[in-house]
Structures are given as C-alpha cells and as structure tokens.
Amino acid sequence: MEPLYRVQGGGPLRGDVGASGAKNAALPCLAATLLTAEPCTIRNLPDIADVGGLLAILSQLGAEVDHDPAAHRVTVRAAGPLAEAPPDQLVGNQRASFLVMGPLLAREGRGACAAPGGDLIGQRPLDVHLRGFRALGADVRTEAGRFVASGRLRGARMVLDYPSVLGTENLMLAAVRAEGETVIVNAAAEPEVAALADLLCAMGARIRGAGSHTITVTGVAALHGADYTLIPDRIEAGTFAVAAAITGGDVRIHDVRPRHLEALLSKLREIGVEIDEDDEALRVRRRGPLQATTAQAVPYPGLATDLQALVTTLLTQAEGVSTVNERVFENRLGYVAELRKMGARIVTAGSAAIVQGPTPLHGAVVQGLDVRASAALVVAALVADGETELRDVVHLERGYEDFGEKLRGLGAVIERRGVAPETPRA
Ligand code: UD1
C-alpha cells in the first residue's frame with residue numbers, strides 16, 4: 001500500500017515544536033564534501049528522503065559515508081578517485097543531484113550528470129549552471145543523455161540571467177578550486193547559499209559576499225576537512241507558523257532563525273497573526289479573524305516560493321479577496337485544484353491565485369504534488385470538517401522530518417498508513 005496520511009480536522013494547535021536542519025542547506029553541503037579527500041562531518045542533518053538520496057549518490061561516486069540518522073550526523077570521506085557520474089536512476093529523484101557537477105569538475109577536471117528530477121512545478125532549466133561552467137573555462141556538452149563538463153577552471157566574472165539557488169551553489173562549488181578570482185553577479189542571496197559558503201570557508205575556501213547578490217570566490221589549490229552544523233530549516237519553521245495561525249492556535253517554534261523568515265512573519269502580522277520572536281524562537285498565536293491581503297513569491301529576502309502554497313492555504317480563512325502571485329516558478333499552483341476539492345474558493349489567472357475567504361473547508365481525498373504543496377494540504381486538513389486523506393506522501397517525506405509526529409505533538413490528529421518511508425540509505 002502506498003503510504004498516505006489521514007488527517008482529522010480539529011481544534012487549535014498548542015505547544016512547542018522544533019525545526020530540523022535545513023534541507024536546502026544540507027544538500028549543497030553534502031555535495032561540498034566531495035571537494036576534499038579529508039573527512040567532513042555535517043551535523044543537524046535532517047533525516048529525510050532527499051538527504052538519503054544524495055548520500056546514496058555520494059557513496060556511488062566512491063565516497064565513504066558514515067551516516068547516523070538518529071544522531072542527525074554524517075561523516076563523508078571522499079578519499080580516492082571519484083566516479084565520473086552518479087547513476088542516472090538516482091539522479092532522477094531530485095534536482096539537487098546536479099550539485100555534484102561543480103565538485104566533480106573542480107576536483108577531477110571532469111564531471112557528468114543526467115538531467116535531474118524533482119518536484120513537478122514547471123520547467124526547471126539548467127542554463128545558469130551550464131553557462132557558468134563555460135564562463136569558468138569548462139567545455140560543456142551532452143553525451144549519451146548526460147551533461148558532461150570538463151577542463152581546467154579559471155576564475156571569471158559572470159552575470160547570472162536569474163539568481164538561481166542551485167545554480168549559484170554549483171558555480172561556487174566549482175569556483176572554489178579554480179585558478180584566480182570568480183565574481184558571481186546576480187547571485188542568489190538565500191540563507192542556504194550563505195550556509196554553503198560558511199562550510200566551504202571552514203574547509204579552507206575564500207569566499208566573500210555570500211548571502212548578497214555579488215559573491216567573490218578566490219580559488220585555492222586544495223580544501224581540507226571540516227565539522228559543520230547546519231542552519232535550521234526556515235521553510236519547515238514557516239510551515240508550523242502557518243499551521244498555528246490557521247488553527248487559531250498558540251505554538252512556540254524553537255530552533256529557528258526568525259531573521260530568515262522576515263517576509264513571512266511580516267505578512268502574517270499584516271493579516272492578523274500575533275508573533276513574538278527572540279533570536280532562536282517564535283511564538284505564533286491567532287486570537288481574532290484574519291484579513292485578506294496580496295502577496296508575491298519572489299527570491300530571498302522576499303516571500304519564499306516554498307511558502308507560497310502555505311500562505312494561499314491560510315488566506316482561504318481570511319476575510320475578503322486575497323491575491324497571491326507566484327513569480328519564481330511558472331507552474332506552482334497545481335495544488336489549488338486539490339484545495340478546491342476541500343471546498344476552497346480559489347481561481348487561478350496565469351501565475352496568480354485569487355482566494356475568496358473565509359471558506360469552511362471539508363475533508364477530501366487529495367494528492368500531494370510537491371513537497372511544499374503536500375504540507376499545505378495537511379495544514380488545510382487541520383481545519384477541515386471531517387477526514388482528509390493525503391495520497392503520495394513520498395513527496396512530503398522528501399523534505400519534512402517526522403512531520404506527522406511533530407504535528408501530533410501539537411495536538412493534531414494524523415495517522416500515517418502504509419509502508420515505512422523508503423529512504424535510500426548509503
Ligand atoms: C531551490 C530550492 C527550492 C526553491 C527554489 C527557489 C533546493 C534544493 N531547492 O531550487 O526548494 O523552491 O530554490 O527558491 O535548494 N532557472 C533558470 N535557469 C537555471 C536554473 C533556474 O531559468 O539554470 C529558473 C527556474 O526555471 C525557476 C527559477 O530560476 O523559474 C528559480 O529556480 P532556482 O532558484 O534554480 O530553484 P532551484 O535552485 O532548483
């Protein structure tokens with residue numbers, strides 16, 4: 001039986017919950033461990049399927065992987081020569097697999113990778129990555145269905161067509177061992193890019209400006225091992241904040257950096273949610289009605305596209321008409337049809353969702369299309385009348401650790417049915 005969630009709509013969520021380590025920081029940091037022959041230890045590693053998938057790839061490439069999921073820790077030692085490419089079938093599972101290209105190219109002078117898979121949220125081209133590798137002096141071509149990049153890398157100044165997150169990370173991973181200085185203009189400024197730069201600097205790289213839109217990398221001849229603790233997952237923390245708000249609850253979220261969630265918190269306050277914050281925790285409460293608003297999903301520090309479905313879901317309970325614009329991905333509103341099955345009154349126009357609220361929601365059988373849309377459907381189910389069945393929870397489990405269990409700790413009624421999560425383990 002395919003795993004699924006059964007969620008009973010119920011009362012307000014109350015209590016304490018912690019965010020795990022950030023998925024989107026874990027993946028580039030794991031790829032970075034390929035850049036040195038010395039062991040690298042990554043702590044606060046979330047126990048999620050995407051991490052298991054990337055660890056399987058590292059191991060197939062020839063790295064020794066010592067993973068302790070319960071301790072949220074892995075040590076990777078990529079001592080010997082590495083294989084040229086990860087197995088195609090492993091690459092198909094997630095987009096971040098393509099992050100092994102930068103390190104392979106930098107370390108071995110040649111890297112190859114099939115076109116990566118991932119969420120079904122529209123076209124996800126790789127031109128930013130490939131143009132950047134070319135700007136660094138690599139020869140980039142396709143051979144037998146794989147992208148292949150080879151050559152000796154030299155630092156270069158480059159302007160990205162779009163501040164792609166994985167693109168910026170892949171180019172940093174390649175540039176750290178290139179000869180001379182690389183300047184990446186119009187780089188992604190997400191906190192996860194800065195986290196990768198922190199790890200790389202701990203490994204001996206020279207990087208300035210990560211977390212801003214201009215990143216300067218001065219190449220070094222070799223990198224060494226490091227011990228690094230991942231930042232908290234801002235999207236997971238934001239998910240709990242929205243769950244607290246939609247249920248009219250009172251939830252303390254710890255292990256979070258509120259500064260990384262500024263756009264969401266400001267939007268939540270604007271619509272009537274009370275939030276107290278200190279350096280590492282948030283208290284999210286809702287005592288009155290919510291007000292409609294407009295919102296746009298844009299690159300950081302604006303509202304994250306990974307929170308877009310959650311914000312739209314919350315606005316189904318706000319008074320009036322709200323508009324949410326998705327400006328990062330061309331097709332990230334597929335979940336709207338699922339929310340409609342639950343009674344939501346939402347229409348889409350191009351990349352905008354127009355939400356009429358407040359609408360009572362009711363239980364339904366719904367399908368999780370991507371990791372964040374699945375979380376949004378669970379959040380909707382928390383306030384729906386009756387039972388919701390979420391199918392395809394494999395998407396949810398790619399990115400959320402113990403999601404059902406954490407929500408149950410706050411008083412939600414959620415049951416997981418079906419086989420245990422099939423996390424590919426290294
Ligand atoms: C990362 C995150 C994902 C998040 C997204 C946007 C990881 C593992 N995933 O994905 O959770 O939703 O950032 O914050 O970190 N684009 C191009 N050319 C390229 C690459 C991207 O045009 O070469 C476009 C895409 O089509 C899309 C936009 O850039 O419209 C954003 O994509 P990008 O920032 O690359 O997202 P990812 O890095 O794949």
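The values are calculated or read from the model by the stated rules, or taken from the named source; none is laboratory data. Quantities reported herein were computed from a predicted structural model and do not represent experimental measurements. So basically every Cβ, Gly included, is an ideal-geometry build from the backbone, and we count neighbours across all protein chains shown. Note: areas computed on protein heavy atoms with side chains; ligands, DNA, RNA excluded. Shrake-Rupley method; radii C 1.70, N 1.55, O 1.52, S 1.80 Å.
Worth pointing out:
- Of the solvent-accessible surface of the chain, computed with a 1.4 Å probe over protein heavy atoms with every protein chain present, carbon and sulfur atoms account for 47 percent.
- Relative contact order of region 329-426, pairs being alpha-carbon contacts under 8 Å that are 6 or more residues apart, as %: 21 percent
- Shape class of region 323-368 from the Cα gyration tensor (axes a ≥ b ≥ c, square roots of the eigenvalues): oblate, since a/c reaches 1.5 or more and a/b does not exceed b/c.
- Peptides 398-408, 6-16 ordered by average Cβ neighbours within 10 Å, highest first: 398-408, 6-16
- On a per residue basis, the chain carries 37 Å² of accessible surface, using protein heavy atoms and a 1.4 Å probe.
- For the chain, the mean residue ellipticity at 222 nm estimated from helices alone is -8500 deg cm²/dmol, where every DSSP H run of n ≥ 4 contributes -39500 (n - 2.57) and the total is divided by all residues, rounded to the nearest 500.
- Rounded to 10°, Cα long-axis angle of helix 234-246 versus longest principal axis of the chain: 0 degrees
- Summarising the amide proton neighbourhood of V365: residues at separation of 5 or more, or on other chains, whose placed amide H is nearer than 5 Å comprise E389.
- Nearest 10 degrees, 0 to 90: helix 49-61 Cα axis against the chain principal axis: 10 degrees
- Trypsin sites (Lys or Arg not before Pro) lying in DSSP loop within region 77-159, provided at most 13 other Cβ fall within 10 Å: R152
- Taken about its Cα centre, the chain carries a charge dipole of roughly 660 debye when the Cβ of each Lys and Arg holds +1 and the Cβ of each Asp and Glu holds -1.
- Eligible lysines near K23 by straight Cα distance, threshold 28 Å, same-chain separation 8 or greater: K267, K406
- Alpha-carbon centroids, region 32-49 and region 334-400: separation in whole Å: 34 Å
- Helix axis angle, 371-382 relative to the chain longest principal axis, alpha carbon, degrees: 20 degrees
- Over the chain, relative contact order from alpha-carbon pairs under 8 Å, at least 6 apart, %: 22 percent
- Cα-based shape type of region 38-101, given that a ≥ b ≥ c are square roots of the gyration tensor eigenvalues and the cut on a/c is 1.5: oblate
- Ranked by the mean number of other Cβ atoms within 10 Å of their residues, highest first, the peptides 291-300, 373-382 come out as 373-382, 291-300.
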